[in-house]
Amino acid sequence: MRHQMTNTAPDAVAVRAWPNRTYPGFYVIEVKCPHCPKNHTHGWEGPGDPGGHRASHCDAIGGYNITIPDGFKADAP
Ligand SMILES: [Zn+2]
């Protein structure tokens, strides 16, 4: 049983993250969109940020919940 947000949005699994060069100290995270064939990027606070609900960049209704897989590692700064 996972205790995450209880809305009905589908999961968008993180595939990669790297340091955000525009906002030092933050990251950009790439997720696999459950609504369309693309991956989308979002701001991410880095390891420890559980992701959570976001509006999808393809404007799919309901957005999705960014999900960080076990063992996920962001690129080094
Ligand atoms: Zn999409």
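Readers should treat all values here as calculations from the given coordinates under stated rules, not as data from a laboratory. Not measured: the values here are computed from a predicted model. Here the Cβ is made from the backbone with ideal geometry for all residues, glycine too, and neighbour counts use every protein chain on show.
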For segment 44-77: of the residues being surrounded by fewer than 17 Cβ atoms within 10 Å (Cβ to Cβ) and touching a Phe, Trp or Tyr at 6+ places or on another chain (Cβ under 6 Å), which is nearest to F26 (Cα to Cα)?
G46
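Applying the selection to segment 62-77, what residues are away from the ligand (no atom under 14 Å from the Cβ) and of a type in the set (S, T, Y)? Give the steps one after another, and end with the answer.
Restricting attention to segment 62-77, the residues satisfying the condition of being away from the ligand (no atom under 14 Å from the Cβ) are 67-77.
Hit for segment 62-77 is T67, nothing else.
Tell me, yes or no, whether segment 50-61 has at least one residue that is among the polar types (S, T, N, Q), part of a loop (DSSP other than H, G, I, E, B), within 16 Å of the ligand (Cβ to nearest atom) and touching a strand residue (DSSP E or B) at 6+ places or on another chain (Cβ under 6 Å).
The initial filter retains those residues of segment 50-61 that are among the polar types (S, T, N, Q), namely 56.
Now drop any that are not part of a loop (DSSP other than H, G, I, E, B), which leaves 56.
Imposing the further condition that a residue be within 16 Å of the ligand (Cβ to nearest atom) reduces the set to 56.
Still in the running and touching a strand residue (DSSP E or B) at 6+ places or on another chain (Cβ under 6 Å): 56.
Yes - at least one qualifying residue is present in segment 50-61.
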